[in-house]
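Student: Okay, handing you the structure first.
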Amino acid sequence: MVKEKKNKYSIIVPTYNERLNIALIVYLIFKHLRDVDFEIIIVDDGSPDGTQEVVKQLHQVYGEDRILLRPRAKKLGLGTAYIHGLKHVSGNFVVIMDADLSHHPKYLPSFIKKQLETGASIVTGTRYVKGGGVHGWNLMRKLTSRGANVLAQTLLWPGVSDLTGSFRLYKKSVLEDIISSVVSKGYVFQMEMIVRASRKGYHIEEVPITFVDRVFGSSKLGGSEIVEYLKGLAYLLVTT
Amino acid sequence: MKHIVKIMVLLVAISACWIGLLQTSIIPRSHTWLLPIYFIISLGCYGLLMVGVGLMNFPTCPQEALLLHQDIDEAKEFLKRRGVDVGSD
């Protein structure tokens with residue numbers, strides 16, 4: 001007799017100084033995933049603003065079996081945060097998302113549905129297709145984003161429309177396989193993940209997502225970021 | 001096969017065609033010499049066109065900011081009642 005294996009989704013949320021947002025995100029995840037077996041793994045890098053205290057309050061509301069606080073001593077970077085989170089994953093699927101509410105949990109059901117429909121190894125959220133979108137970007141930011149995307153598409157032929165997005169659903173085994181071969185940092189990390197997955201022949205699907213940039217006024221794209229991006233592209237061009 | 005190898009193969013194939021054209025003179029030599037430049041310029045123009053078109057059609061979602069605000073208010077109310085500290089930071 002074959003017992004049908006039920007799916008469990010482990011959502012890894014790296015946090016640093018997200019005292020308010022983490023509570024909001026947890027509420028929204030529970031709101032939108034009512035009939036789903038999931039857990040939230042919060043990898044906090046020693047936030048000085050009391051993020052971990054808020055998580056402990058959330059334990060009282062939602063239970064410690066659904067919200068796993070797995071902190072680290074200090075800010076150690078995104079890639080290693082995922083690797084750290086992976087060690088505590090008990091699900092067969094892993095979702096990665098940002099903690100600042102630029103990724104809205106209301107899209108989680110569409111990720112899950114897409115994966116169940118297609119059997120994909122990875123479902124990645126894309127902001128650049130119809131049904132998706134971005135709010136909070138000025139013209140310059142959009143231009144840089146579009147230019148970067150065209151360059152990456154021309155050079156890498158990645159097979160996905162949004163390379164730097166970090167709202168993704170992976171089969172746990174696939175995430176483990178890819179993350180071990182990735183060396184980049186920052187958003188090039190996200191690019192390297194999806195390009196390596198594409199090269200390895202994993203089935204990747206996309207769902208449209210909306211992205212609300214709430215960090216108004218912060219210049220996240222300076223000259224050094226652009227140089228880092230070009231270096232990342234060159235690296236991916238040659239090594240993948 | 002690594003991606004860079006694929007691109008190299010493509011470039012070699014295009015170069016072979018170009019050299020072939022040079023040798024067989026189907027097109028007058030003076031034109032053939034300029035073909036690589038035409039190719040690079042076309043590629044550049046195509047890239048700029050794609051950027052421009054993409055910029056014009058860049059999907060935006062202004063209503064999402066409002067919806068997000070509503071979600072935040074709803075979340076704050078629920079959590080406050082259950083003892084979670086949602087004071088503004």
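Student: Does A:Lys231 satisfy being more than 8 Å from every other protein chain (Cβ to nearest Cβ), in a helix (DSSP H, G or I) and charged (D, E, K, R)?
Tutor: Here the answer is yes, as A:Lys231 does meet what is asked.
Student: While we're here: For segment A:180-219, enumerate the residues that are in contact with a Gly (Cβ under 7 Å, 6 or more places away or on another chain), closer than 21 Å to A:Gly232 by Cβ, of a type in the set (Ser, Thr, Tyr) and modelled with pLDDT of 90 or more.
Tutor: A:Ser198 - this is the single residue of segment A:180-219 that is in contact with a Gly (Cβ under 7 Å, 6 or more places away or on another chain), closer than 21 Å to A:Gly232 by Cβ, of a type in the set (Ser, Thr, Tyr) and modelled with pLDDT of 90 or more.
Student: Next up: For segment A:53-81, which residues satisfy the criterion of being polar (S, T, N, Q) and within 12 Å of another protein chain (Cβ to nearest Cβ)?
Tutor: A:Gln57, A:Gln60
Student: Which one of A:Tyr107, A:Tyr82 is open to solvent by less than 50 Å² (accessible area, probe 1.4 Å) and either at pLDDT 95 or above or part of a loop (DSSP other than H, G, I, E, B) (or both)?
Tutor: When all the criteria are applied, what remains is A:Tyr107.
Student: Kindly list, by first and then second residue, each pair from a residue in segment B:23-47 that is on the phi > 0 side of the Ramachandran plot to a residue that is assigned to a helix (DSSP H, G or I) and surrounded by 10 or more Cβ atoms within 10 Å (Cβ to Cβ), limited to pairs with Cβ atoms under 9 Å and residues at least 6 apart or on different chains.
Tutor: B:Ser25/B:Thr32
Student: From A:Leu33, A:Leu86, which residue is among the aliphatic types (A, V, I, L, M) and closer than 20 Å to A:Tyr16 by Cα?
Tutor: Of the residues listed, the single one that is among the aliphatic types (A, V, I, L, M) and closer than 20 Å to A:Tyr16 by Cα is A:Leu86.
Student: Have a look at A:Arg141, A:Arg146, A:Arg196 and point out the one that is of a type outside the set (A, V, I, L, M, F, W, C), within 12 Å of chain B (Cβ to nearest Cβ) and farther than 23 Å from B:Phe58 by Cα.
Tutor: Selected residue: A:Arg196, the only one of A:Arg141, A:Arg146, A:Arg196 that is of a type outside the set (A, V, I, L, M, F, W, C), within 12 Å of chain B (Cβ to nearest Cβ) and farther than 23 Å from B:Phe58 by Cα.
Student: Of (1) open to solvent by less than 20 Å² (accessible area, probe 1.4 Å); (2) not in a helix (DSSP H, G or I), A:Trp137 satisfies all except one. Which?
Tutor: (1)
Student: Can you confirm whether segment A:161-171 contains a residue that is part of a helix (DSSP H, G or I), out of contact with any helix residue (DSSP H, G or I) (no Cβ under 7 Å at 6 or more places or on another chain) and within 11 Å of chain B (Cβ to nearest Cβ)?
Tutor: Within segment A:161-171 (the criterion being part of a helix (DSSP H, G or I), out of contact with any helix residue (DSSP H, G or I) (no Cβ under 7 Å at 6 or more places or on another chain) and within 11 Å of chain B (Cβ to nearest Cβ)), the answer is no, since none of the residues qualifies.
Student: Follow-up. Tell me which residues, restricted to segment B:36-82, are outside any helix (DSSP H, G or I) and not aromatic (Phe, Trp, Tyr).
Tutor: Selection gives B:Asn57, B:Pro59, B:Thr60, B:Cys61, B:Arg82.
The values are calculated or read from the model by the stated rules, or taken from the named source; none is laboratory data. Model, not experiment: these values are computed from the prediction. Note that we place each Cβ from the backbone using ideal geometry, even for glycine, and neighbour counts take in every protein chain shown. Accessible surface is based on the protein model in full, side chains and every heavy atom, while ligands, DNA and RNA are left aside. Shrake-Rupley method; radii C 1.70, N 1.55, O 1.52, S 1.80 Å.
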